[in-house]
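The structure under discussion appears below in the form of structure tokens.
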Amino acid sequence: MTAVTFDAPPARVRAQRPAQVRLLRNSLVLAKRNLIKLTRTPEQFIDVTLQPIIFLLLFYYVFGGALGGALGHGGDRHTYLEFLLPGLLGQTLAMSSISIGQNMNADIEKGVFDRFRALPIGRAVPLIGAVVADFFRYFSVCVITIGFGYILGFRIQTNALALLAAIGLAVCFALAFAWVSLWIGMKMRTPGAVQGVMMLIVMPLTFGSNAFINTSTMPGWLQAFVNVNPISHVVGAARGLLLGGPVAANVGWTFAWIAGLLVVFFPLALRAYARRA
Amino acid sequence: MTDLAIEATGLTKSFGETKALAGVDLAARTGTVLGVLGPNGAGKTTAVRILATLLRADSGTARVNGFDVRTQPGKVRESIGLTGQFASVDEDLTGTQNLVMIGQLLELTKREAKARAAELLDWFNLTEAAGKVAKTYSGGMRRRLDLAASLVGRPAVIFLDEPTTGLDPAKREDMWDVVRRLTSDGSTVLLTTQYLEEADALADEIIVFDHGRVIANDTPSGLKHKIGGQRLKVRAMDLAREEDLRDILAKFAGRSPDSDGRGALTIPVDSDAVLPDVLARLSEAGIAVEEFSLHLPSLDEVFFTLTGTRSFDDVTRESEVAA
């Protein structure tokens, strides 16, 4: 054993960077931690890899024939695929945000979070780190859903730029929605409860939207809900960007929802985290 | 600049009905080891969590490295390292990844963090396991990595919450060596433990916790004097001679020896100078001994002496767990 140099000047007296820069750097360090943990348990990728594929297959083959016809103009399974894919993108993104709350709920009981709390880093850093790491999961959802859609015959009617915009917008929404999951994750006692509550939120949001079917046959009160539902706006924007058509209103509403979710749920999640000492 | 690295007065903390701390004062001089001795549920962990800014006291004040834990938590966090039952490492990361991560969170550059990690891993004899996931470490390796993680930032004050609980005796001695070296450069250590032997081996001062209160505060020798120093335990080869043995030991102790009910008798002794006399008396009386040993009082005996009760087991573990 060599002598350790305890008498060296304390590392922390170095010129302090601005607080925002430190927050960002520290969040990236913890994002890396979350990514390492994800790669140690590859089964955590099932919900962003196999799930979109299975849903696409089910909706395409089980409902496609009937629902394609319902879209009018002698529509068939292929007609429905075009309509379905942006919708399914919205749903699988919302569903894949469930695991961030679940994981944080399980993770926070472990000793390493007490160490984070005792370090001179921002309180929000562990949460922001988890959300940043989740970017890769949401991005995979988009790539796999659209990629597998291509195998089934889906074609983008616009251009590469619009495709990137659609993916970017959808991922941004998922990153904002993740704060709802984190908040629930801090509030519930067990990971199972987090999943249960998040399902109760995600299912009505995704099915009570324009994701899977033309909304004109729905009762008026439901249409009113569908029209304000953020999933409808994300899906509507993605549909326009991938297939062509007007997108401005839906993109605008999606950004408004992203801002709204962040303004409400970022502080809520942070406060719940701070209280769960 | 005060020469007290840790200073707390009148700390109280309740969890619902459970009073975890009922007015605790403690102080540790810079560069010394303060041992906090007490059974499960005595409030040791709660006190450490308050001093490490993880928990807010209901009342009372505390300063660590000169900073108030309530009003300057950021400064306190820059001054401390924390290791123990609760603050551990990430099991899914390797030894190196854990230490580099903490170094980077402490504003080291990646290169500095790697160098510091390598230095600490070497110091704790973990270089071979550096690339292995912490989950696969043995208990002793885990504790060493936990401790290394709390030293990354060269903290002025180090909290060790029961650092050897669950370790076998050989590993415990290794850990003791490490703790002794921590203060050689001026760091201050607060160590909680359930073993008087450990506090005696490491601490400059010992405070004893019971039911959220400090029931003794002394140097190890002062405390041992108070509780009668060492214990001499003798067992006769021939159990029929127990009564003769009892008479002899009673003369040395000035009181009747304690019995474990299976032939072993125990008396307090002031120093080991008395041992040859005891042996001589026994051989004169022709009593062959099967066991003849000197040891420090157990925590149970300490509490019996200090509080006159052995009933500390009635404290539920919940308060410690909740803490």
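Criterion applied to B:Asp177, B:Asp161, B:Asp185, B:Asp168 was being more than 11 Å from chain A (Cβ to nearest Cβ) and out of contact with any Cys (no Cβ under 9 Å at 6 or more places or on another chain), and the one residue passing it is B:Asp168.
Scanning region A:29-41 for residues that are more than 9 Å from chain B (Cβ to nearest Cβ) and over 17 Å from A:Ile98 (Cβ atoms), we see that the one that is modelled with the lowest pLDDT is A:Thr39. Identify, please: which residue in region B:45-94 is polar (S, T, N, Q) and touching an Asp or Glu at 6+ places or on another chain (Cβ under 9 Å) and is, among those, farthest from the other protein chains (Cβ to nearest Cβ)? In this case the residue turns out to be B:Thr61.
For region B:7-27, how many residues are in contact with an Asp or Glu (Cβ under 7 Å, 6 or more places away or on another chain), more than 14 Å from chain A (Cβ to nearest Cβ) and surrounded by 24 or more Cβ atoms within 10 Å (Cβ to Cβ)? Result for region B:7-27: 0. Of all the criteria given as (1) in a strand (DSSP E or B); (2) over 17 Å from the mean Cα position of the chain (by Cα), the one not satisfied by B:Ile206 is (2).
Only residues that are within 14 Å of chain B (Cβ to nearest Cβ), buried (at least 18 other Cβ atoms within 10 Å of the Cβ) and among the charged types (D, E, K, R) were counted in region A:99-155, giving 4. The number of residues in region B:160-175 that are surrounded by fewer than 16 Cβ atoms within 10 Å (Cβ to Cβ) and closer than 25 Å to B:Ala47 by Cβ comes to 1. Looking across region A:42-53, just one residue is more than 13 Å from A:Leu85 (Cβ to Cβ), surrounded by 13 or more Cβ atoms within 10 Å (Cβ to Cβ) and modelled with pLDDT of 90 or more, and that is A:Gln51.
Condition check ((1) closer than 30 Å to B:Lys44 by Cβ; (2) in the same structural domain as B:Leu190 (by TED's automatic domain parsing); (3) among the charged types (D, E, K, R); (4) surrounded by 21 or more Cβ atoms within 10 Å (Cβ to Cβ)) across all residues:
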site	(1), (2), (3), (4)
B:Asn98	yes, yes, no, yes
B:Met101	yes, yes, no, yes
B:Glu107	no, yes, yes, yes
B:Lys110	no, yes, yes, no
B:Ala118	no, yes, no, no
B:Phe124	yes, yes, no, yes
B:Gly131	no, yes, no, no
B:Ser138	yes, yes, no, no
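Could you say which residue among B:Ser59, B:Ser88 is hydroxyl-bearing (Ser, Thr, Tyr) and surrounded by 20 or more Cβ atoms within 10 Å (Cβ to Cβ)? Residue meeting the stated conditions: B:Ser88. Is at least one residue of region B:188-196 modelled with pLDDT of 85 or more, more than 14 Å from every other protein chain (Cβ to nearest Cβ) and on the phi > 0 side of the Ramachandran plot? Scanning region B:188-196, I find no residue that is modelled with pLDDT of 85 or more, more than 14 Å from every other protein chain (Cβ to nearest Cβ) and on the phi > 0 side of the Ramachandran plot, so the answer is no.
Selection within region A:40-62: residues that are of a type in the set (Phe, Trp, Tyr) and free of Cβ contacts under 8 Å to residues at least 60 places away in the same chain. The member of this set that is farthest from B:Glu91 (Cα to Cα) is A:Tyr61. B:Glu128 fulfils the conditions (1) assigned to a helix (DSSP H, G or I); (2) charged (D, E, K, R); (3) within 12 Å of chain A (Cβ to nearest Cβ) except for a single criterion, (3). Residues that are surrounded by 19 or more Cβ atoms within 10 Å (Cβ to Cβ) and of a type in the set (Val, Ile, Thr) were ranked within region A:225-259; the one that is modelled with the lowest pLDDT is A:Val247. Just give me the residues in region B:197-235 being modelled with pLDDT of 85 or more and aliphatic (A, V, I, L, M), in sequence order. Result: B:Ala199, B:Ala201, B:Leu202, B:Ala203, B:Ile206, B:Ile207, B:Val208, B:Val214, B:Ile215, B:Ala216, B:Leu232, B:Val234. With the requirement that a residue be over 19 Å from the mean Cα position of the chain (by Cα) and surrounded by fewer than 23 Cβ atoms within 10 Å (Cβ to Cβ), what does region B:142-155 give you? B:Arg154 - this is the single residue of region B:142-155 that is over 19 Å from the mean Cα position of the chain (by Cα) and surrounded by fewer than 23 Cβ atoms within 10 Å (Cβ to Cβ).
When only residues in region A:102-126 that are in contact with a Phe, Trp or Tyr (Cβ under 6 Å, 6 or more places away or on another chain) and in a helix (DSSP H, G or I) count, which is modelled with the lowest pLDDT? Full working, then the answer.
Within region A:102-126, the first condition is being in contact with a Phe, Trp or Tyr (Cβ under 6 Å, 6 or more places away or on another chain), and the residues that meet it are A:111, A:114, A:126.
If we keep only those that are in a helix (DSSP H, G or I) too, we end up with A:114, A:126.
Numbers: A:Asp114: 86, A:Pro126: 93.
Here the answer is A:Asp114.
Scanning region B:96-111 for residues that are more than 7 Å from every other protein chain (Cβ to nearest Cβ) and more than 16 Å from A:Asn34 (Cα to Cα) yields B:Gly103, B:Thr109, B:Lys110, B:Arg111. Residue pairs whose Cβ atoms lie under 6 Å apart, sitting 6 or more positions apart in sequence or on different chains, and linking a residue in region A:231-256 that is free of Cβ contacts under 8 Å to residues at least 60 places away in the same chain to a partner that is of a type in the set (A, V, I, L, M), are A:Ser232/A:Val226; A:Gly240/A:Val247; A:Val247/A:Ala237; A:Val247/A:Leu241; A:Asn250/A:Ala237.
Among the residues of this structure, A:Leu200 counts as one that is aliphatic (A, V, I, L, M), surrounded by fewer than 23 Cβ atoms within 10 Å (Cβ to Cβ) and assigned to a helix (DSSP H, G or I).
The values are calculated or read from the model by the stated rules, or taken from the named source; none is laboratory data. Computed from a predicted model, the values in this text were never measured in an experiment. Please note: Cβ atoms are built from the backbone with ideal geometry, for glycine as well, and neighbour counts cover all protein chains shown.
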